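Shown next, in C-alpha cells, is the structure this report addresses.
The values are calculated or read from the model by the stated rules, or taken from the named source; none is laboratory data. The structure presented is a predicted model; accordingly, all values stated were derived computationally and were not measured. Quick reminder, even Gly has a Cβ in these numbers, built from the backbone with ideal geometry, and neighbours come from all protein chains shown. These accessible areas exclude ligands, DNA and RNA; they are computed on the full protein's heavy atoms, side chains included. Shrake-Rupley method; radii C 1.70, N 1.55, O 1.52, S 1.80 Å.
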Amino acid sequence: MACNCCNGEDKEKYAELEAFIESLPTTKGELIRVLHRAQGIFGYLPREVQVYVAKKLNIPVSKVYGVVSFYSYFTMKPKGKYDISVCMGTACYVRGAERVLEALTKKLGIGTGETTMDGKFSLRSLRCVGACGLAPVVMIGDKVYGRVTPESIDDILNECE
C-alpha cells in the first residue's frame, strides 16, 4: 500500500519503492538492500521513508534507524545536485587531499557533511575510493577526478552546470 500522505512526486517514489520490495522473493534479511534502493529513489532517507520501510519489512523503526545511522553510505539529509566526495585515504591524504578539501570548503562555504543553501553541492570525505594511483581523488557523483590540486577546484566546479 503506497503512502497517502505526500505530494504526487513522493507518491510515485513510494510506489516505486513498494514495487521493489514486493519484487523480492522474501524481505527477511533484505533491509540494507531495500535502504540502498530507497536512498537511490529519494536521494536520502528521511524519517518518513525509514518508517515506511519498517512497516513494509515488518521490523521496528529503531532497527531501520540503527542501520541508517551506522553506515556512512546512508544519509538522512538531502544531498545537493552535485555530490562531491574527497578521498582521504592514505595515498590521497599524503598527496594533499586535506588541502583540496579545505579549498572546496572555502569555495563552497560549507563543511563536510553539508549542502550549499541553493541545494547545488554537497561535500563529504571518504576513507578510500580505490584509485590510489590518481591521488588525490575527488568524485562528483560517479565521475572521478585524479591528481586534484586546490588550484584545479574552480575548473572542476565549472563543469557542473
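Some notes on this structure:
- Candidates Lys143, Lys120, filtered to the one that is surrounded by fewer than 17 Cβ atoms within 10 Å (Cβ to Cβ) and touching a Lys or Arg at 6+ places or on another chain (Cβ under 8 Å): Lys120
- Residue match in segment 77-90 (condition: within 23 Å of Ile153 (Cβ to Cβ) and in a helix (DSSP H, G or I)): yes
- Yes/no for Val137 being at pLDDT 95 or above and of a type in the set (A, V, I, L, M): yes
- Taken residue by residue, segment 113-130 has at least one member that is closer than 27 Å to Pro46 by Cα, outside any helix (DSSP H, G or I), modelled with pLDDT of 95 or more and basic (Lys, Arg).
- Tally, over segment 50-82, of residues that are of a type in the set (A, V, I, L, M, F, W, C) and under 15 Å from the mean Cα position of the chain (by Cα): 5
- Scanning segment 53-68 for residues that are open to solvent by 30 Å² or more (accessible area, probe 1.4 Å) and aliphatic (A, V, I, L, M) returns Ile59, Val61.
- Criterion (in a loop (DSSP other than H, G, I, E, B) and out of contact with any Gly (no Cβ under 8 Å at 6 or more places or on another chain)) met by exactly one of Leu45, Leu35, Leu101: Leu45
- Hey, Thr149 within 25 Å of Gly40 (Cα to Cα) and open to solvent by less than 60 Å² (accessible area, probe 1.4 Å) or not: no
- Evaluation of Arg147 against (1) among the charged types (D, E, K, R); (2) assigned to a strand (DSSP E or B); (3) on the phi > 0 side of the Ramachandran plot (one fails), failing number: (2)
Quick grid of which residues meet (1) touching a residue at least 40 places away in the same chain (Cβ under 8 Å); (2) open to solvent by 40 Å² or more (accessible area, probe 1.4 Å); (3) farther than 24 Å from Phe42 by Cβ; (4) among the hydrophobic types (A, V, I, L, M, F, W, C):
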| site | (1), (2), (3), (4) |
| --- | --- |
| Ile84 | yes, no, no, yes |
| Glu102 | yes, yes, yes, no |
| Ile110 | no, no, no, yes |
| Ile153 | yes, no, yes, yes |
| Ile156 | no, no, yes, yes |
